[in-house]
Amino acid sequence: MESLTLTIRLPIQLSNKLDSISKYLGMSKSNLIRVAILKYLDVSELDDFQETRTPSSSSKRINLSLTQFLYSIVKNKADNLNVTVNSLIIYGSEKIEKHYSNMLEELNLNN
């Protein structure tokens with residue numbers, strides 16, 4: 001299956017939280033983001049989306065490899081909402097971080 005690599009900017013704090021969660025779960029940060037695309041972006045409407053722009057001084061760049069299928073989900077949603085792909089990935093990443101942080105906290109596994 002063909003894939004493409006995007007360079008995205010995540011807020012530093014979000015990137016660090018995703019790193020911690022990925023270590024607990026034994027999966028990569030990129031895999032967390034891929035799950036977020038399917039869970040939070042492949043929906044008819046985004047409940048509480050607000051476009052986020054992250055200045056380079058307060059962001060961390062990561063390379064994210066996506067299949068054509070996953071990229072088309074994000075790209076089509078970005079085109080429909082007239083927003084950037086990066087802002088949608090931040091939105092999904094924030095949602096998945098919150099989901100897993102809450103889960104780990106309930107299990108008393110998160111510091």
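A few notes on this one:
- The calculated 222 nm mean residue ellipticity attributable to helices in the chain amounts to -17000 deg cm²/dmol, summing -39500 (n - 2.57) over DSSP H runs of n ≥ 4 and dividing by all residues.
- Here the spin labels are modelled as points 7 Å beyond Cα on the Cα-Cβ line, and at Ser58 and Met27 they lie 2.9 nm apart.
- Scalar couplings 3J(HN,Hα) for the stretch 67-79, obtained by applying the Karplus form with A = 6.51, B = -1.76, C = 1.60 to θ = phi - 60°, are 5, 4, 4, 5, 4, 5, 4, 5, 5, 5, 5, 4, 5 Hz; x denotes Gly and Pro.
- Principal-axis tilt of helix 85-106 within the chain, Cα atoms, nearest 10 degrees: 20 degrees
- Taking the accessible area of the stretch 29-111, probe 1.4 Å, and keeping the other protein chains in place, the carbon and sulfur fraction comes to 43%.
- Based on protein heavy atoms only, the chain ends up with 60 Å² per residue of surface accessible to a 1.4 Å probe.
- Signed unit charges on C-beta, dipole axis of the stretch 1-73, positive-most listed residue Leu70, Tyr40, Thr54: Thr54
- Chymotrypsin sites (Phe, Trp or Tyr not before Pro) lying in DSSP loop within the stretch 1-61, provided at most 15 other Cβ fall within 10 Å: none
- Listed peptides 1-10, 65-74 by packing density, highest first (mean Cβ within 10 Å): 65-74, 1-10
- Long-range lysine pairs (8 or more apart or interchain), the chain, Cα under 24 Å: 28
- Taking volume of the Cα convex hull per residue in Å³ as calculated from this structure, the corresponding entry among (1) 121; (2) 94; (3) 103 is (3).
- Overall, the chain carries a charge dipole of about 420 debye about its Cα centre when +1 sits on the Cβ of Lys and Arg and -1 on the Cβ of Asp and Glu, all other atoms neutral.
- Spatially, the stretch 77-97 and the stretch 1-74 are offset by 8 Å when compared through their Cα centroids.
The values are calculated or read from the model by the stated rules, or taken from the named source; none is laboratory data. Not measured: the values here are computed from a predicted model. Methodologically, a virtual Cβ is constructed for each residue, glycine included, from the backbone with ideal geometry; neighbour enumeration extends over all protein chains shown. Heads up: the accessible areas ignore ligands, DNA and RNA and are worked out on the full protein's heavy atoms, side chains in. Shrake-Rupley method; radii C 1.70, N 1.55, O 1.52, S 1.80 Å.
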